[in-house]
Amino acid sequence: MSISDKSQQKMFKKKTGENEYHGMLPDSTKDHGGWAEMWPRWHKAMKALKVDKKKQDLAQAGLKQLSDDETAALRDHLKPILEKILQIGYARANLQPALAKPDASQLKETLQTAIFGAARKTKADVQHTDAVTMTGRTNYETCCDITPGRGKAKSVAAAVACLCAKASANAVDGACRFSIKPSTAWNPSAAVEAGRVKQPLAFCPGTTDESLTRHRLDSILSALKRQMKIISSHGYLGELHTTSCGCKNNDGLCVKYTSFTGKDGKAFEDIPWVMTLSTLVSELKERKKAAIQASFLAEQLIAEKDTAYSLAETTKQAENLVEVTSDGEGTGSKQQSGDCMTHKDNKTVCEKTEKCKWEGKTGNSTNLNLKREKDRKHNKQRHQIHNKGQINSNVNYNPNAPRLLNENGKIMLAEIPLFS
């Protein structure tokens, strides 16, 4: 935007207010192809230039010292670089959905719902009405059904209550292997109560980990999945003695998954609380991959930005070089040529001037201006690099060029639009 024609910059200016600009393509302005789509980016760049006072950055990069001819030349060189920057921006935008998940503002409540059956609950205040679907639950067996769509054990807390329960008679070894049993016994013929949910949770071992990582959560779910047993076409998790979860020694302490196959539609991941936690694992995995890609794109963006700013110095240098022809050969000024030709018939005088080089030919002598010879070789090399489409940003690297990092080290995604 800073090197676009002044007439084009005027298109953005509103008639009211010093720093007010059109945020969308005005009805009075013709769309020359893609203008409406690009306008918000151009508007952002115009605000950065005029309102956010980025002129200091531009001056530091040397963009404000360019003549009209140099600015026009710079635009041509900037086009492919800005196209790359635009593509990097599109690629970064495509990563945003993955980077936005899981929603940090909802993550805590999502975990609480999966673990306790309701948001804003803890193991100290969770109720049996939170952990278990109360409609239709009549006894231990119905309360400990985890079948998707019909099971009453809708949370991790409900599954723990079933696996770690204390039977009222005919004691059975619990799947939790607690050295201390819950004080409140669970009569197999009775439905769950609050104490039968809270007490087993109180025995759950703590952890010194300050955060729940994707790898740790994934390992827990994988371990539970491996412990699922299929007996008579049903799935069981826990301590099973027969084909029934009856909360006594001839049955077992377990949760039941009716018609479990371990495959799509009847898989372990179809259990509601397992599905919630598995989705969280997947989102964290995808976010990490997206973060790595975003970091790579940020490095590319910084490199292209540095190259773009270094072009100002390159353009200045180009104006001071000899004119480059199609084969890379150069022609010097008339004065340089005259100085050299003045001594074409005297080898000694020619070499003493340090402007000419005697080729040693007799008769028709040829002399070359030394500076012109140096420029010719330099320009021929640049011409060859240009034809190959190579850009070496380090050749004309400007150490004072602004970076895309703010004072906090965060990346600032800047747009540098260009009109053709």
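Ordering L78, L253, L277 by the number of other Cβ atoms within 10 Å of each residue's own Cβ, fewest first, gives L78, L277, L253. For T261, the shell of other residues with beta-carbons less than 15 Å away shows a net charge of +2, using +1 for Lys and Arg and -1 for Asp and Glu. Between S67 and Q293, the FRET efficiency from the beta-carbon distance, with R0 = 35 Å, is close to 0.30. Charge tally around F116: other residues with Cβ under 11 Å, Lys/Arg +1 each, Asp/Glu -1 each, net +2.
Put a plus charge on the Cβ of each Lys and Arg, a minus charge on the Cβ of each Asp and Glu, and nothing anywhere else: the dipole of segment 104-270 about its Cα centre is then about 60 debye. Residue exposure proxy: K198, K181, K79, ordered by other Cβ atoms within 10 angstrom of their Cβ from fewest to most, comes out as K79, K181, K198. Taking only the C-alpha atoms of segment 104-270, the Rg (one decimal) and the largest Cα-Cα distance, Dmax (whole number), read 15.4, 47 Å. If you plug the beta carbon distance of A202 and Q8 into 1/(1 + (r/R0)^6) with R0 = 60 Å, you get a FRET efficiency near 0.25.
Are there trypsin sites (Lys or Arg not before Pro) in segment 232-291 that DSSP marks as loop and that have at most 14 other Cβ atoms within 10 Å, and which are they? Those satisfying the criteria are K263. With each label modelled as a point 7 angstrom along the Cα→C-beta vector, the N250-K225 pair spans 3.7 nm.
Between L86 and I302, the simple label model (points 7 Å from Cα in the Cβ direction) yields a spacing of 2.6 nm. Residue exposure proxy: C162, C176, ordered by other Cβ atoms within 10 angstrom of their Cβ from fewest to most, comes out as C176, C162.
Taking 7 Å along the Cα-to-C-beta vector as the label spot, tell me the D76-K123 distance in nanometres, rounded to one decimal. With each label point 7 Å from Cα toward Cβ, the separation is 7.3 nm.
Laboratory data are not the source of any read-out in this text; all were calculated from the coordinates shown. Since we're looking at a predicted model, the values are computed, not measured. Ideal geometry is used to build each Cβ from the backbone, glycine not excepted, and the neighbour counts take in all protein chains shown.
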